[in-house]
Every structure is written in C-alpha cells, then in structure tokens.
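Worksheet: the structure to be examined is printed underneath.
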Amino acid sequence: MGRKKLKISRLESNKARQIKYSKRKVGVLKKAKELSTLCDIDLAIIMFSPTEKPTLYVAHDKQLVTVLERLSSLSVEEREHRRAYTMRKVNKMANPEVAKKNSSLNKDEAVKPGQALQLQKNHLGELKQKLIEKSRILRDWKNPYTVDNLDQIKVMEEHLIASLERIKERKIQLWEQQKGHKASKAKRTN
C-alpha cells in the first residue's frame, strides 16, 4: 500500500511551520548525508528555521568555504547555464503555464555573462554577511558569557521569555489532550 500524496502549500500558522520544519529537518539532513556518502560528493546545505535559527550541514567534515570556493571556481557561463536550466525545470514543475510564458521571452532580455558574474558576486557577498551574522548569533546563544552588548542580552532575554511562553502553552495543550484522552478512555471502559 503506497503513501498518500500530500498537497504542498505554505502553512499559515507560525507554530505549524516550526513544528513541520523541526520534523522534516532531520529527514532532509539524513538524506543529504546519505547522498554525499553514496555518491562521494561535496555538499553544503544552509537552512533557516521559521524562527531564524540557522542550520548548516557540510558533507565529509569539510569547511563551507571549501565548497563555496569550488562553486566559485566554475566558469560564469557554466554557472549561468546551470542556474538557467534549474530555474526552467523548477518553473516547469511549479506551474506549466507560467513556464510556457517564460520560455517564450526574447533572448535580448537575458542577463549578460558580465552582469551575471557581478550579480552572483553581490549575492555571494550578501550571503556571506548573513552567514557571519547568524554564526555570531548562534555563538552568542551557545555561550552567553561572551556577549558584551546589553541590548543583545535584552533581545536574547525577550526571546527566551517568548520561548518559555510557547513551551507553557504547549504544555497546557498536551495536558488538556492527555486529560481528554483519559476521560474518553474512562467512558469507553464504563
């Protein structure tokens, strides 16, 4: 008996998104590790949870910089060709009608290789800055004694208080579910 195909759409609730992310993150990382081991490939995955917590996985205990350097060593034309191919496939899978319209665009509207390189460099610079900032935040959370900025400590405290409130709410929900489950079980035995 096969599994039922789930319709993929954005979850409306922040809480539901966080729960779904937590459940699926482990599976994604497991599949990534399997793929990198089976095919002996370099692999880097950067994910940000709905609460902006970063997760970084780099295969074979390599550094992220090593994988990014390998990517940047590809020629601009090859990267642009691969990016365009990937985008065409994604668009085709996501919405066949939009893909037909996009494929009928003039070639004049395409990005020139020099522009593509500059765009890629700018994008890479932005990503590096974000990664540095998220790494610093993660480091601060792992060792709060290294934080010397009072505003940052206050933000961390507010985040912890909000997290504790969410935990308390979840505890109450689980307690009520358990209580309801026990009550329905008691009714069945009577």
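Observations on the structure shown:
- Within region 52-65, being of a type outside the set (D, E, K, R) and assigned to a loop (DSSP other than H, G, I, E, B) holds for one residue alone: 63.
- Among the residues of region 45-64, those that are exposed (fewer than 12 other Cβ atoms within 10 Å of the Cβ) and at pLDDT 80 or above comprise 52, 63.
- All conditions in (1) surrounded by 10 or more Cβ atoms within 10 Å (Cβ to Cβ); (2) modelled with pLDDT of 70 or more; (3) farther than 16 Å from residue 71 by Cβ hold for residue 95, with the sole exception of (2).
- Residue 46 vs. criteria under 29 Å from residue 141 (Cα atoms) and outside any helix (DSSP H, G or I): yes
- Of all residues in region 147-190, those being of a type in the set (Val, Ile, Thr), over 27 Å from the mean Cα position of the chain (by Cα) and modelled with pLDDT of 85 or more number 1.
The rows are residues; the columns are (1) touching a strand residue (DSSP E or B) at 6+ places or on another chain (Cβ under 9 Å); (2) under 27 Å from residue 119 (Cα atoms); (3) in a loop (DSSP other than H, G, I, E, B); (4) modelled with pLDDT of 80 or more.
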site: 21; (1), (2), (3), (4): yes, no, no, yes
site: 41; (1), (2), (3), (4): no, yes, yes, yes
site: 67; (1), (2), (3), (4): yes, yes, no, yes
site: 78; (1), (2), (3), (4): no, yes, no, yes
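- Only residues that are closer than 30 Å to residue 14 by Cα and over 21 Å from the mean Cα position of the chain (by Cα) were counted across region 48-99, and they come to 4.
- Leading residue by the ranking (nearest to residue 61 (Cα to Cα)) among those in region 26-44 that are surrounded by 15 or more Cβ atoms within 10 Å (Cβ to Cβ) and within 14 Å of the chain's Cα centre (by Cα): 44
- Unique residue being among the polar types (S, T, N, Q) and under 28 Å from residue 136 (Cβ atoms) when the list is 9, 13, 22: 22
The values are calculated or read from the model by the stated rules, or taken from the named source; none is laboratory data. What you see is a predicted model; the values in this text were computed from it and never measured. Every residue, glycine as well, gets a Cβ built from its backbone with ideal geometry; the counts of neighbours run over all protein chains shown.
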